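Down below is the structure, laid out as structure tokens.
Each value in this text was obtained by applying a stated rule to the coordinates, not by laboratory testing. Keep in mind the model is a prediction, meaning the values are calculated, not measured. Heads up, the Cβs are rebuilt from the backbone with ideal geometry, glycines too, and the neighbour counts pull from every protein chain shown.
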Ligand code: NAD
């Protein structure tokens, strides 16, 4: 059996298509487009390319965006002050504010993220938004978790009553995804297990999964013997490795070629969860603009 491929690029393009219409409506009604302001500290190549693809996607749907670049030597205080200035709209309208992670090592990331006002927090990392999600009344849901749930719903993969195993417990991906899949309603009602670096007998747990999500950041962590035949396997991981010919290559956390022979469906890397993360960011930015405008 070869697994069905969960094509995140195609789904993201469809989501962008409907967002474009909603953004048009907003822009006509309020005589300005929704606007996203991104803070990029330092010059990590991966962060630069993520920010570029977010800005390009925003432009495709008619969302205005600006990237504010600051040096890697910026202090926590400087970054907190910058976010506060953006929130005061000293850098133009800021419906959504996003701080690209990771921040330089010496910076207190939590302090900077907490400076983003919760009603502009399009990444959904502010404790208020995390709290709302945990109470089952989500406002801004972290984009990757929302993208994974959307992928499952779109592919018609039943979650209700199924066992979802998530490998990875980060605040950005694993934890919010666990809350979403365990919440009531479409794309939820699953029985959720969270595994992490201290989990014993990982393979014994992942083999029980109807839906297996890998969000770790380790190439080939999930091998074919860890997957129940027919399971849906969602690969969130993004790892840059050097191929045998010395060229750079992007891979996920799943041993794709072997696992696709066992799984019922599988998301590739690249072209799986990544494009959906960006699409969900656009949706959150429109939501932020609508909330501020009193449209929701
Ligand atoms: P993180 O480093 O914050 O968390 C990794 C998690 O993996 C931790 O909870 C840790 O306990 C767990 N872990 C580590 N080693 C393990 C092991 N051997 N067995 C089981 N669990 C283990 O990372 P993150 O921010 O959650 O990101 C995870 C991966 O997803 C990274 O590769 C990242 O690049 C990628 N990512 C992708 C997208 C996307 O849009 N596709 C978005 C965010 C993150």
So the FRET efficiency between residue 14 and residue 293, C-beta based with R0 = 35 Å and rounded to 0.05, is 0.85
Shape descriptor, the chain: equivalent ellipsoid semi-axes (Cα gyration tensor, sqrt 5λ, whole Å, largest first) stand at 32, 22, 18
Going fewest to most other Cβ atoms within 10 Å around each Cβ, 150, 120, 184 line up as 184, 150, 120
Helix 8-30 sits off the longest principal axis of the Cα atoms of the chain, rounded to the nearest 10 on a 0 to 90 degree scale, by 20
Using alpha-carbon positions, the gyration tensor of the range 31-120 gives root eigenvalues a ≥ b ≥ c; with a/c under 1.5 called rounded, otherwise prolate if a/b exceeds b/c, else oblate, the class is oblate
For residue 158 and residue 101, extending 7 Å from Cα along the Cα-Cβ vector and measuring point to point gives, in nm, a value of 3.4
Sorted on mean Cβ neighbours within 10 Å (highest first), peptides 193-203, 27-37, 168-178, 127-137 come out as 168-178, 27-37, 127-137, 193-203
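Suppose R0 equals 41 Å; then what is the FRET efficiency for residue 56 and residue 203 from their Cβ-Cβ distance, rounded to the nearest 0.05?
0.55
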Simple spin-label estimate for residue 239/residue 43, 7 Å along Cα→Cβ, in nm, reads 2.9
Gyration tensor on Cα atoms of the range 171-215, a ≥ b ≥ c root eigenvalues, a/c under 1.5 rounded, else prolate if a/b beats b/c, else oblate, says oblate
Sorted largest first, the Cα spans of the range 81-125 on the principal axes come out in Å as 29, 20, 13
PRE zone check, label point 7 Å out along Cα-to-Cβ of residue 5, amide N under 13 Å, scope the range 252-274, hits 257, 260, 266-272
So, for the Cα atoms of the range 120-241, Rg and Dmax in Å stand at 13.9, 43
Under a Gaussian network model of the chain whose springs join Cα atoms within less than 10 Å, the largest fluctuation of 245, 225, 235 belongs to 245
